[in-house]
Amino acid sequence: MTAESTSTESTSPSPSHAAVEAVETQLRSHGIAGEVRWLDEATPTAAAAAAALGIEVGAIANSLVFTLDGEPVLVMTSGGHRVDTAFLGEELGGTLKRASAETVREATGQVIGGVAPTGHPAPLRTWVDTALRAFPEIWAAAGHPHTVFPLTYDQLVELTGGTEIEVERA
């Protein structure tokens, strides 16, 4: 499913932002051709991003930062899911907790609501929700709450070096 142009998509020249530029650099270095889109409205939630793009919420790849036994980690989850932290922590062999806004910013160089799967100061151990595989095209934040970009599930796994996993009990 592809996103159609909507009233929230900016028609003016794209602004510049260091975090977005870092994401764009990583996308190009991985051969991902999807262009970063700047939206007029911030899309800090999967539901807001899906509405702005005119797609199913499940096709939004949320970049969620947690701590696993105190270490920041990234979980890329379908916007149609909530991470079951007890279940996923058991699967990963530790205690998984939602990271504070400060930890998110330190680990990614980005703010909550705009965290991308890439462009971080250092790579984060990453897990990718297998539910995203159901969508031929998925969308992720691009380092700023007003930005998104398209890619495929396989590109997301390769881009992040992520391990495929279910994030909630079946």
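The values are calculated or read from the model by the stated rules, or taken from the named source; none is laboratory data. Values in this document were obtained by computation on a predicted structure and should not be read as measured data. FYI the Cβ positions are ideal-geometry reconstructions off the backbone, even for glycines, and counts take in every protein chain you see. Heads up: the accessible areas ignore ligands, DNA and RNA and are worked out on the full protein's heavy atoms, side chains in. Shrake-Rupley method; radii C 1.70, N 1.55, O 1.52, S 1.80 Å.
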message: Taking the criterion of being farther than 30 Å from residue 16 by Cβ, out of contact with any strand residue (DSSP E or B) (no Cβ under 9 Å at 6 or more places or on another chain) and modelled with pLDDT of 95 or more, would at least one residue in the stretch 102-110 satisfy it?
response: no
message: Just to verify a result, which residue in the stretch 82-91, among those that are part of a helix (DSSP H, G or I), open to solvent by less than 40 Å² (accessible area, probe 1.4 Å) and touching a residue at least 40 places away in the same chain (Cβ under 8 Å), is nearest to residue 70 (Cα to Cα)?
response: 88
statement: Residues of the stretch 129-148 being within 12 Å of the chain's Cα centre (by Cα) and open to solvent by 10 Å² or more (accessible area, probe 1.4 Å), in sequence order, are 141, 144, 145
message: Anything in the stretch 136-153 that is out of contact with any Ser or Thr (no Cβ under 8 Å at 6 or more places or on another chain) and either under 27 Å from residue 169 (Cβ atoms) or not aromatic (Phe, Trp, Tyr) (or both)? List them, or say none.
response: 139, 142, 143, 144, 147, 151, 152, 153
- request: Check the stretch 149-162 and report whether any residue there is in a loop (DSSP other than H, G, I, E, B), in contact with a Leu (Cβ under 8 Å, 6 or more places away or on another chain) and open to solvent by less than 40 Å² (accessible area, probe 1.4 Å).
  value: yes
field: Filter result for residue 35 (surrounded by fewer than 22 Cβ atoms within 10 Å (Cβ to Cβ) and not in a loop (DSSP other than H, G, I, E, B))
entry: no
query: In the stretch 92-128, what residues are open to solvent by less than 30 Å² (accessible area, probe 1.4 Å) and of a type in the set (Val, Ile, Thr)?
result: 104, 108, 115, 118, 126, 128
- request: Please identify the pairs in which a residue from the stretch 56-69 that is in contact (Cβ under 8 Å) with a residue 12 or more places away in the chain and within 15 Å of residue 124 (Cα to Cα) has its Cβ atom under 8 Å from the Cβ atom of a residue that is of a type in the set (Asp, Glu) and part of a loop (DSSP other than H, G, I, E, B), counting only partners at least 6 apart or on another chain.
  value: none
task: Can you give me the number of residues within the stretch 54-81 that are crowded, with 23+ Cβ neighbours inside 10 Å and part of a loop (DSSP other than H, G, I, E, B)?
output: 1
Residue selected from the stretch 1-32 under the condition open to solvent by 40 Å² or more (accessible area, probe 1.4 Å) and outside any loop (DSSP other than H, G, I, E, B), by the criterion modelled with the lowest pLDDT: 9
